[in-house]
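One structure below.
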4 protein chains.
Amino acid sequence: MTSYQPAKQDRFSFGLWTVGNPGRDPFGDAVRAPLEPVESVRRLSELGAYGVTFHDDDLIPRGSSAAERDRIVKRFRQALDETGMVVPMITTNLFFHPVFRDGAFTANDPLVRRHAVRKTLDNIDLAAEIGATTFVAWGGREGTDTDAAKDVRTALDRYKEAFDILGAYVLERGYPLRFALEPKANEPRGDMFLPTVGHMLAFIECLDHPELVGVNPEVGHEEMSGLNFHHAVAQAMWAGKLFHIDLNAQKGNRFDQDLRFGSENTKGAFFLVDLLERGGYEGPRHFDAHAYRTEDAQGVWDFAAGCMRTYLILKERAAAFRADPRVAEAMERSGVPKLALPTLAAGESIADLRAETFDPEAPAATGSAYEALDQLAIDHLLGAAG
Amino acid sequence: MTSYQPAKQDRFSFGLWTVGNPGRDPFGDAVRAPLEPVESVRRLSELGAYGVTFHDDDLIPRGSSAAERDRIVKRFRQALDETGMVVPMITTNLFFHPVFRDGAFTANDPLVRRHAVRKTLDNIDLAAEIGATTFVAWGGREGTDTDAAKDVRTALDRYKEAFDILGAYVLERGYPLRFALEPKANEPRGDMFLPTVGHMLAFIECLDHPELVGVNPEVGHEEMSGLNFHHAVAQAMWAGKLFHIDLNAQKGNRFDQDLRFGSENTKGAFFLVDLLERGGYEGPRHFDAHAYRTEDAQGVWDFAAGCMRTYLILKERAAAFRADPRVAEAMERSGVPKLALPTLAAGESIADLRAETFDPEAPAATGSAYEALDQLAIDHLLGAAG
Amino acid sequence: MTSYQPAKQDRFSFGLWTVGNPGRDPFGDAVRAPLEPVESVRRLSELGAYGVTFHDDDLIPRGSSAAERDRIVKRFRQALDETGMVVPMITTNLFFHPVFRDGAFTANDPLVRRHAVRKTLDNIDLAAEIGATTFVAWGGREGTDTDAAKDVRTALDRYKEAFDILGAYVLERGYPLRFALEPKANEPRGDMFLPTVGHMLAFIECLDHPELVGVNPEVGHEEMSGLNFHHAVAQAMWAGKLFHIDLNAQKGNRFDQDLRFGSENTKGAFFLVDLLERGGYEGPRHFDAHAYRTEDAQGVWDFAAGCMRTYLILKERAAAFRADPRVAEAMERSGVPKLALPTLAAGESIADLRAETFDPEAPAATGSAYEALDQLAIDHLLGAAG
Amino acid sequence: MTSYQPAKQDRFSFGLWTVGNPGRDPFGDAVRAPLEPVESVRRLSELGAYGVTFHDDDLIPRGSSAAERDRIVKRFRQALDETGMVVPMITTNLFFHPVFRDGAFTANDPLVRRHAVRKTLDNIDLAAEIGATTFVAWGGREGTDTDAAKDVRTALDRYKEAFDILGAYVLERGYPLRFALEPKANEPRGDMFLPTVGHMLAFIECLDHPELVGVNPEVGHEEMSGLNFHHAVAQAMWAGKLFHIDLNAQKGNRFDQDLRFGSENTKGAFFLVDLLERGGYEGPRHFDAHAYRTEDAQGVWDFAAGCMRTYLILKERAAAFRADPRVAEAMERSGVPKLALPTLAAGESIADLRAETFDPEAPAATGSAYEALDQLAIDHLLGAAG
C-alpha cells in the first residue's frame, strides 16, 4: 500500500481563491482571514502541489497602481522561483464587482462589455508575463434572471465577439496561450448561457479561431445539472478540447458546493481519474474547491491535502482495476472490446451491410453481464478486490 | 378575444405514438386500447393538426411482410390524401425491442449495430417514399448504466460512424432529407450519450456531413436536467441547427413526463413560443407528449386539443407583449436594444478600445429594471396586462 | 378587470431583510446600500402592505447597548404607529455570525448552543414587546457538511431540547406567541436537519408542547427539492399546523433563489393561492424574497409591488375558476366531489365491506377526464377562459 | 480481509419482484422470462439470504381461485421450509391494474377505494397465515397529475380512513403485524401524497393507531428528491418508527432506478450501514432493487449477490472507522461527543442560562476540523486507512 504522498510530477494545482476562500456564503459572513498569495504558494508547495492559479484580482487588488502591480508580481514571482511552483493557468474576475451585475461580455451596456474586454486583455498580458499557457474564462454573470432581458441569440453574438477579439489579440501578440471556457448552468444568475460542457463545445465551433479554444469542465458544474461528468470530459477529449479541468465534488442538483475532490460521488471520481490517467490528458490536475465554512486555517490545509490524497488513492484503485485479469475477463464477457470494431468493416459497402440477414431473437436474449462488471468496479473502488 | 382554434397553417403535428400511447408505465399495465393509425390521422385532422409523424414500428408492425408493409403504407397514404394531412417527419424505433437492450448504434455487439443501421436505412427509404423531409433520431438506449461498460470516446466513434453511413446514404440517393438528432440525459439508461442540446450540437460538428444534421430539442428532455429550454433552442437557432422541435411539458428534475404542452412551466412555454414565432422557425410545431394515464380515449383527444389551444393562447400573449408600448419602454430602460450594438464599433481597433478610460462606479450603481420588465411579462402571460 | 391594487385587508407583509437585501451573493459583492428600517416601513405601507417582519439583527445591530436598542425600538414603533403597519411575526438570526458556523441549537459546542438559546429568548421578549404573535425559527446552520460530524439522533435531541426550553419560557411568561418552524433541505449547509415541511411536522409531534408549534413553509424551500409545495401546505393545514407562510418563487432543484412571488411555477402559485383563499388560512401573506441582484432601489420597490400584484391576479383567477360552471361540471365528470364520501359508509362494518362483490374491469376502462379539467385550470390561469 | 459471504444471521431479504423484475421500462419490452417464486426462494437461499417478501400478486396471480391460491401458498410454504427461508414482510399491489389508475385508497371513485381496502384486508390475512410480521404499504398511485383533480386535505382524510380501517382489523384479529408505510415523491404519478419519510412520519401521528404504524424508507425514494437518506432514517429511528427498510441505489434527481445497493452514492451507503449497525435496527436488510435491463438470468443473481457483498464490505468499513483511534481523536477535536451534553445542565434554570456572559468571538474563530474527519471517513470507505 502506497503512502499517497503527492509530488510535483503529479501536476496538482490549486487556485489562490480556493485555499484563500474566506467562507462567506449567502447567509453568513466571512469566517477566515485573507491569505497572503505568497503564503499560499509556500504552503501548497510544501503539501506537494506543483502549481497555483489565480484571477487577476486575487493577486492584484482592483485599483492597484502600475507600480504596486509590478511590486506584487515581482514578489509573487520570487515565491514561485523559491518553491519551484508554476502558474499553468490564470483567469479573470468578471463577476464580483457590481459593474458586472448584468454580465460582462453579454451585459446590455456596451461600456460594461468594453470594460470587461479591456480587463481581460490586461490579464492576458499578465498571463504571458507570468508564463501561464492556459487562460480560463468563466462567464460568472453571463446569463439571465428573466428571459425578457435579452435575446439569447444576440447575447451569443456578443459572447462570440468577445472571444474573437481576445483570440485575435493572442494571435497578434504571438502569445503561447490557449483559452479554456468553463460552463455552468446557474448560480449566481438564474440561467447562465452555455450551461454545460456540451453547449460550450458547440459554441466554440462558431468562433473565428476555434483551434485556440477548448473547455475547462468542472465536476460540480456538470453534476449540479445531474449530468454524468465523466461522459462530458470524455466528449471533450474526443473532440480534442480538454484544455484544462477543475476538480471538486458536489451533492447533485443543488447550490454550487465546491467540495473536496472525491468526497461525494466517489464512484464518479474513480471513473474520472481512470479516464484522465488512461486518456492522455497531460494538463494540470487543478482543484477548484474550498474547505467547509466550519474550518479555520488548519482545516484549509487539511482540505487541500485531502484533495490530492484522494486523487492518488483513486489513481491506484483505477490502475488496479484495469490490471486485474478478472476485470479483463468480465469485459470480454460484456463485449467491451468489440465496441472498438467498426460497424462497417473495411471495404464493406452499405449494400453489403443491407444484404446481411439477422435474427434479433438470440442477441435479444443474451445479457451483457454488466452487474458483475460493475461489482468489480465497486470492489476496486472500496479496496475490497482481494 | 380569439377562439384559439387551430388550423392547418399553424403547422401542428403529432406523433402516432403520442395519441396512441397506451398508458403503460414502470408500475402499471396499459390502460388504453391501441389506436389505428388511420383513425389517428382522421381525428387529428378534425382537431386542426396539419401533420402526423411516426416511428417505423408505429405504422408497420415489426415482422410484417413486404406485401403487408405496402398495403399498410397505401392505406395510410389514402388517409393522408383524404384529410390533406402531411408527414413532415419520421423516426426509427431503436429502443423497444430487447435486441437493443445495450444500445443500437453504440451497442457493444457489432451485429446489433449493423441491425440498427439496416433498420434505419429501411426507414429512410420509407421517409422518402412518404414524403417526409426531416428524419429524427433519438438514441433511446445509447448510453450506460455502469461506466465500466463502455469507453465513451469509443462509443462516440461508433455513434459518429452510424450517422456518417446514414448521411452518405441520403446523399447517394439524393433524398431531400435532413436529420434532426434528439438529445436526452437519462431514462431509460442511467446516463445517455449526448445528454443535452449542447452536447448534441457539439457532436454534429464532428460528423462527415454536419450540414445535413441538426437537432430536435424536446422541452422535457432539457428541463429534466433543470436547464432552460428556451436558451437551448435559441442556441440551436443561432447555430442554424433547429431542424425540428418536440413540444411538451415537464415538472423539473424527475422522470420523463411528456405532459400536455404548456401545462407546466407556463412562463417558459410563453418565452419559447415567443422565440419560435419571432425567430423565423418555419418547421412543424410537433407535440411529443401523451395524455395522463388516468385518461380514456376521450381524454386523449382533450389532451391533443389542449396542446394546440395553449400554444395559440401563448402565441397571442407573446405577440401582445411585443406590441405593448409599455414593454418597449421598459426594454429601453433595461438597455435591451443596446445588446445588439457590437462591442467594438466598426473600424475600431483593440488599441482604440484599450485607450478608453472608464469609471466602473456609475454603471455599478445603476439597476437594470428587470423586475418591472419581468412583471410585464407575467401580466401578459396571465392576460392581466390591461 | 380589477386594478389589483393591494390594501391592508389583503394582509401582505414583507421582511425587512427582503426589501433590504443588498444583493450580495457567493460570487459578488453587495450592490445596494442598506435600507433604513423606518424607510422600509413607510414605503411598504405606501405600496399597500399591512405588516413588516424582521430578524433581531435586522432592526437592532449586534452589539447595540440597551439604550440604543430601546431608542431603535421606539423609533420603529413610531413608524408603525404613523403608518398603521403591524409586526405579525419576528424571527432570530442564528446563521450570519461566524459563531454559528457549526449550527446554533445543534452546534457541537454547548456554549454556542447556550448563546443561541439566550439570543432567541431575548428576541422572544422583543416579539412580545412589539406585539408579534408568531415567532418563526429557521435553523439556517442546523445540519451537516459531512455525516461524520454529528449523530443525527443526538442532534435531534438537542434541537428538541431547544424548542422545549423556548416553549416553557413562552408558557411561563404567558406570551401570546406561537412558534412556526421553517424547513429547508440544504444551503448553506450541505444537508440541513428537518429538510421539508413533512420532516418538520413529524419533529413537532415529538416536542413537549406541540400545541405551541406549527410550520412556516416557504415556496422555494420545498420546490428546491422538487416537491409539490401546494401539497405540503395542504398537509400542514390538514394537521392544523399552518401558522405562517413564506411566499416567493424558485426555478426547481437549484440554489435558493427567493424570486418575486408568482414569477416562476405560476401554475403552482395559482393552486397555492386557491388553497390559501379557500382553506381558511387567516395569517399574513408574507413575502420572503428579494429583487434580482441587477436591481437598484427602484427595482426593489417594483419587486415588492409585483409580489402583491401577482398574488391578487392569481386570487381573482382562482376565484373565477371555482365559480365557473364548466369547471364544476368537469369536476363532477372527474368524480372530484366523490372523494369527500367516506370509503366505509356510516354504520358499515369491515365485514359488510368484504361481502361486496366488484368487477374491476369497468372502472378500469373509465377515464378520469383530468386533461379537460386541467386545461380549464390553464385557461383560467392565462385569463383565457372566455 | 473477510470473504464478505452472506449468512442467514445477516438478515438479508429480497422481494420476489426484485429478482423477478422482467426488465420492462417505459420505452421497452420485457427482456427476461418470469421467475417461478419457488425457484427464487431456492436461489436466494443458496446465495445467503434469509428471507423473501412479495406483493400478493407476485405470488398469487390476480383472479386465482381459492383452491389455486391455497395450492400456490402450500407449495411456496414447502420451499420456505426446505430452505429455512422466512417471509418477514408482505405488501399489496395497488398500482399495476388499470382499476387503480386514479389511486387506490385516495381514488375519487369510492368503489375503487373499497376494492383497494378489500384487497389489502385479504392480503393481511395472507400475511398472518404466512407468518409475516411487517406489512408494507406503498401508495404507488396515491397522488395527482393535476392539482385540480383532488383537494389534498380530502385525499388525506381518505388515506387516513384506509389505515384506520386496516389498523382496526389487525387489532380485532389480534394479528402480530405492524404496518410500514413507504413514501415516494413522484413516479408513476406526477406528485404523490406523503412524498418523503418526513411527510409520512407526520401523517402517521394523525392515525387512530399510530403505535401500529411506522415507515419503510427506500434509499432511492428519498434520494430522487436530493434528500439525505441517512438523515431521514435517523429521524425515523429517533421517532421509534423504523419498522422496515428498502435498500437500493439511485443517481440523484431523476427517474426511479432501483440500482444494486451501494453501486451509487457509496459514501451515503457507508453512513447508512454505519447507522443501521450501530443504531439498534434489528429488522431485515431488505433489498428493493433490480438488475439492469441489460442483464439475463445470470445477471440477476450477480446483482443479488452484489447487493449483499457490498453491504458486508461497508459494514466492515464502518466498524473499522468507529474502531480507529485516529477517528476517535478527530471526533474529539471536532467536539462530536459534546453534542450529547444537554444544553441546559441538570438543575439549571432558564434564568441561570441567561445570567451567563459569553464572548462569541473566540468560538467564532475556532474551526471544526471536519475536513480532516471526513477524509478519515473517505479513507475508510476506500479501504485506504492503512
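Here are some notes:
- For the range A:319-386, the relative contact order works out to 48 percent when only alpha carbon pairs closer than 8 Å and six or more residues apart are counted.
- Counting only Cα atoms, the size of the range A:129-287 along its three principal axes is 42, 40, 28 Å, in decreasing order.
- Equivalent-ellipsoid semi-axes of the range A:111-192, from the Cα gyration tensor, Å, largest first: 26, 14, 10
- Kirkwood-type radius of the range A:236-304, with distances r between different C-alpha atoms, in Å: 13.3 Å
- Listed cross-link partners B:LYS184/D:LYS267; C:LYS184/D:LYS184; A:LYS315/D:LYS267; C:LYS150/D:LYS338; B:LYS251/C:LYS241; B:LYS251/D:LYS251 are compared with a 20 Å cut-off, the Cα-Cα value being larger for B:LYS184/D:LYS267; B:LYS251/C:LYS241.
- Pairwise centroid distance, computed over Cα atoms, of the range D:40-58 with the range B:8-61, Å: 41 Å
- Compactness of the range D:275-386 is given as radius of gyration and Dmax, 21.8, 70 Å, from Cα positions.
- Cβ-vector label at 7 Å, B:ASP70, separations to other copies in nm: 6.1, 8.8, 10.4
- Loop-exposed GluC sites (Glu not before Pro) per DSSP, neighbour cap 14 Cβ within 10 angstrom, longest uninterrupted part of chain A: A:1-281
- Counting from the shortest, the label point at D:GLY240, 7 Å from Cα toward Cβ, is 2.2, 7.0, 7.3 nm from the same position in each remaining copy.
- Size of charge dipole - the protein assembly as shown - debye, nearest 20, with Cβ of Lys, Arg +1 and Asp, Glu -1, no other charges: 0 debye
- Measuring nothing but how far apart in sequence close Cα pairs (under 8 Å, 6+ apart) lie, relative to its length, chain A scores a relative contact order of 14 percent.
- Using Cβ point charges alone (K and R +1, D and E -1), the dipole size of chain B about the Cα centre works out to roughly 840 debye.
- Sites A:GLU332 and D:ARG326, calculated FRET efficiency, Cβ-Cβ separation with R0 30 Å, nearest 0.05: 0.15
- For the protein assembly as shown: rounded, prolate or oblate by the Cα gyration tensor [a/c cutoff 1.5]: rounded
- Between A and B, roughly 8600 Å² of accessible area is buried in total, ligands, DNA and RNA not counted and the probe set to 1.4 Å.
- The DSSP beta bridges internal to the protein assembly as shown are antiparallel in roughly 15% of cases.
- Across peptide A:303-313, the average count of Cβ atoms from other chains found within 10 Å of a residue's Cβ is 3.
- Annotation: the antiparallel percentage among DSSP beta bridges lying fully within chain C is about 15.
- Within 10 Å of the Cβ of each residue in D:215-226, the mean number of Cβ atoms contributed by other protein chains is 3.
- Two-site label geometry, C:ARG62 and A:GLN5: point separation in nm, points 7 Å out along Cα→Cβ: 4.2 nm
- Contact residues in the range D:89-112 by the 10 Å² criterion (accessible area, 1.4 Å probe, full protein complex versus chain alone): D:PHE95, D:PHE96, D:HIS97, D:PRO98, D:VAL99, D:ARG101, D:ASP102, D:ASN108, D:ASP109, D:PRO110, D:LEU111, D:VAL112.
- Rounded to the nearest 20, the size of the Cβ-charge dipole of the range D:149-244 about its Cα centre is 60 debye, with Lys and Arg at +1 and Asp and Glu at -1.
- Restricting the calculation to Cα atoms, chain A shows an Rg/Rh of 1.01 when the hydrodynamic-style radius is the Kirkwood one.
- Accessible area of the range B:1-140 divided out per residue, in Å², using a probe of 1.4 angstrom: 36 Å²
- Computed over the range D:25-110, the percent of Cα pairs more than 18 Å apart is 57.
- Pairwise Cα distances in the range B:141-227 exceed 14 Å in 65 percent of cases.
- Summing Lys and Arg as +1 and Asp and Glu as -1 over all other residues whose Cβ lies under 15 Å from the Cβ of D:ARG141 gives a net charge of -3.
- Accessible surface of the range D:310-381 [probe 1.4 Å, protein heavy atoms]: carbon and sulfur percent: 61 percent
- Whole-number percent relative contact order across the range B:178-303, with pairs defined as alpha carbons under 8 Å at least 6 apart: 22 percent
- With R₀ set to 56 Å, the beta-carbon distance separating A:LEU171 from D:GLU36 gives a calculated FRET efficiency near 0.20.
- Of all DSSP-defined beta bridges confined to the range B:124-255, some 15% are antiparallel rather than parallel.
- Rounded, prolate or oblate (a/c below 1.5 giving rounded, otherwise prolate when a/b exceeds b/c) for the range D:1-74 by Cα gyration tensor: oblate
The values are calculated or read from the model by the stated rules, or taken from the named source; none is laboratory data. Keep in mind it's a predicted model, so treat the numbers as computed, not measured. Glycine also receives a Cβ, built like all others from the backbone with ideal geometry; neighbour counts cover every protein chain displayed. Surface areas here come from the heavy atoms of the whole protein model, side chains and all, with no ligands, DNA or RNA. Shrake-Rupley method; radii C 1.70, N 1.55, O 1.52, S 1.80 Å.
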